[in-house]
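**Student:** Just passing along the structure, written as structure tokens.
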Amino acid sequence: MITLFDLVVSGDRRPSPFCWRTKLALRHKGLVYVAEPVGFSEKDKIAFAGSTTLPVIRDDGRGGHAVKDSWQIALWLDEAYPARPLFGSASATSFARFVNGWADTAVHGALFPLVVADIHAHARPQDQAYFRDSREKRLGRPLEAAQAAARDGGLAVLRSTLEPVRRQLAGQPFISGDAPAYPDYILAGTVLWPRTISPLRLLDPADPLNAWLDRMLDLFDGLGRKAPTASS
Ligand SMILES: N[C@@H](CCC(=O)N[C@@H](CS)C(=O)NCC(=O)O)C(=O)O
């Protein structure tokens, strides 16, 4: 059995874009897992893996082997469980690595300040001080001020950052081609993040990316669609 250490906020919501990547990857591979909820400040729960961030997985069927970091987890899953590959070839892995880096920097860089105060508002009460302190150090100002400043024009920047994906999807149903693979799970995790903790509508209703998102939310018996949202 695989245990996924999964970020939890209030109302048992699971917002982490990186944990979403791993959940979708596990389901893609048909692997059964149990999710162990971990709050922002519960570092003791993942210390066994030498990690301070989520996701972490522990595979009891493989001697309790632990892997940290969503990208490393994806690589390891394909190595340990070659059926139903997340990548499938060296060039597919290379493409996915680019998407991973682009999402983590360009997309998350634009998105994070747009929702940072909303994340704080949804963090469990016992995690809020840790979250505020660590993120205000990163942003150099109060969370509310950072979010208010980002909302002034930042959503348009974020939406234009997604333009390469619109072009990719103009000729195919998934970022990876005819079927979803890890690059799709990377960006689906990004979209599920604000959906879980913020009223912000990341995509304009007329955005062609909505058709792709609908396909992603339907995967694996509606895993993403069934997840509690900010308003549910
Ligand atoms: N590169 C890492 C990033 C993981 C990450 O930053 N996770 C956040 C949750 S979204 C976290 O665990 N933060 C804990 C903290 O801020 O202390 C990955 O892909 O797994």
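**Student:** Within region 31-53, is there a residue that is on the phi > 0 side of the Ramachandran plot and in a helix (DSSP H, G or I)?
**Tutor:** The answer is no; no qualifying residue exists.
**Student:** Same structure, new question: Evaluate the following for L86: is it within 16 Å of the ligand (Cβ to nearest atom), open to solvent by less than 60 Å² (accessible area, probe 1.4 Å) and not in a helix (DSSP H, G or I)?
**Tutor:** Values: within 16 Å of the ligand (Cβ to nearest atom): yes; open to solvent by less than 60 Å² (accessible area, probe 1.4 Å): yes; not in a helix (DSSP H, G or I): yes.
Considered against the rule, which asks whether it is within 16 Å of the ligand (Cβ to nearest atom), open to solvent by less than 60 Å² (accessible area, probe 1.4 Å) and not in a helix (DSSP H, G or I), L86 comes out as yes.
**Student:** List, please: which pairs have Cβ atoms under 6 Å, are six or more places apart or on different chains, and start with a residue in region 67-81 that is touching a residue at least 12 places away in the same chain (Cβ under 8 Å) and end with one that is within 12 Å of the ligand (Cβ to nearest atom) and of a type in the set (S, T, N, Q)?
**Tutor:** Correct list of pairs: K68/S51; S70/T22; W71/N100; I73/T22.
**Student:** Also, I was wondering about something else. Of the residues that sit in region 28-50 and are within 9 Å of the ligand (Cβ to nearest atom) and open to solvent by less than 10 Å² (accessible area, probe 1.4 Å), which one is nearest to Y130 (Cα to Cα)?
**Tutor:** V38
**Student:** Mind checking whether some residue in region 211-228 is surrounded by 14 or more Cβ atoms within 10 Å (Cβ to Cβ) and touching a Ser or Thr at 6+ places or on another chain (Cβ under 8 Å)?
**Tutor:** Initial filter on region 211-228 (surrounded by 14 or more Cβ atoms within 10 Å (Cβ to Cβ)): 212-213, 215-217, 219-220, 223-225, 227-228.
Next, from what is left, pick out any that are touching a Ser or Thr at 6+ places or on another chain (Cβ under 8 Å): 227-228.
Checked region 211-228: at least one residue is surrounded by 14 or more Cβ atoms within 10 Å (Cβ to Cβ) and touching a Ser or Thr at 6+ places or on another chain (Cβ under 8 Å).
**Student:** Taking interchain pairs and intrachain pairs at least six residues apart, which have beta carbon atoms under 8 angstrom, with the first residue in region 155-182 and without any contact (Cβ under 8 Å) to a residue 24 or more places away in the chain and the second surrounded by 11 or more Cβ atoms within 10 Å (Cβ to Cβ) and in a loop (DSSP other than H, G, I, E, B)?
**Tutor:** Q168/I175; D178/Q172
**Student:** Return the total of residues in region 1-17 being open to solvent by 50 Å² or more (accessible area, probe 1.4 Å) and either near the ligand (Cβ under 8 Å from one of its atoms) or not in a loop (DSSP other than H, G, I, E, B) (or both). Let's see the steps before the verdict.
**Tutor:** Of all residues in region 1-17, those open to solvent by 50 Å² or more (accessible area, probe 1.4 Å) come to 1, 11-12.
From what is left, the residues that are either near the ligand (Cβ under 8 Å from one of its atoms) or not in a loop (DSSP other than H, G, I, E, B) (or both) are 11-12.
Residues in region 1-17 being open to solvent by 50 Å² or more (accessible area, probe 1.4 Å) and either near the ligand (Cβ under 8 Å from one of its atoms) or not in a loop (DSSP other than H, G, I, E, B) (or both): 2 in total.
**Student:** Something else about it: If we scan region 18-27, do we find a residue that is in a loop (DSSP other than H, G, I, E, B), modelled with pLDDT of 95 or more and crowded, with 23+ Cβ neighbours inside 10 Å?
**Tutor:** no
**Student:** Now a separate question. For residues that are assigned to a loop (DSSP other than H, G, I, E, B) and hydrophobic (A, V, I, L, M, F, W, C), scanning just region 185-203, find the one that is nearest to D118 (Cα to Cα).
**Tutor:** L200
**Student:** Of all residues in region 54-83, how many are within 16 Å of the ligand (Cβ to nearest atom) and assigned to a loop (DSSP other than H, G, I, E, B)?
**Tutor:** Summing the residues that are within 16 Å of the ligand (Cβ to nearest atom) and assigned to a loop (DSSP other than H, G, I, E, B) in region 54-83 gives 3.
**Student:** Which of (1) over 30 Å from G11 (Cβ atoms); (2) touching a strand residue (DSSP E or B) at 6+ places or on another chain (Cβ under 7 Å); (3) open to solvent by 40 Å² or more (accessible area, probe 1.4 Å) is the odd one out, the single condition K68 does not satisfy?
**Tutor:** The number of the failed condition is (1).
The values are calculated or read from the model by the stated rules, or taken from the named source; none is laboratory data. All values derive from a computational prediction rather than experimental measurement. Using ideal geometry, Cβ is built from the backbone for each residue, glycine included, and neighbour counts are taken over all protein chains shown. Note: areas computed on protein heavy atoms with side chains; ligands, DNA, RNA excluded. Shrake-Rupley method; radii C 1.70, N 1.55, O 1.52, S 1.80 Å.
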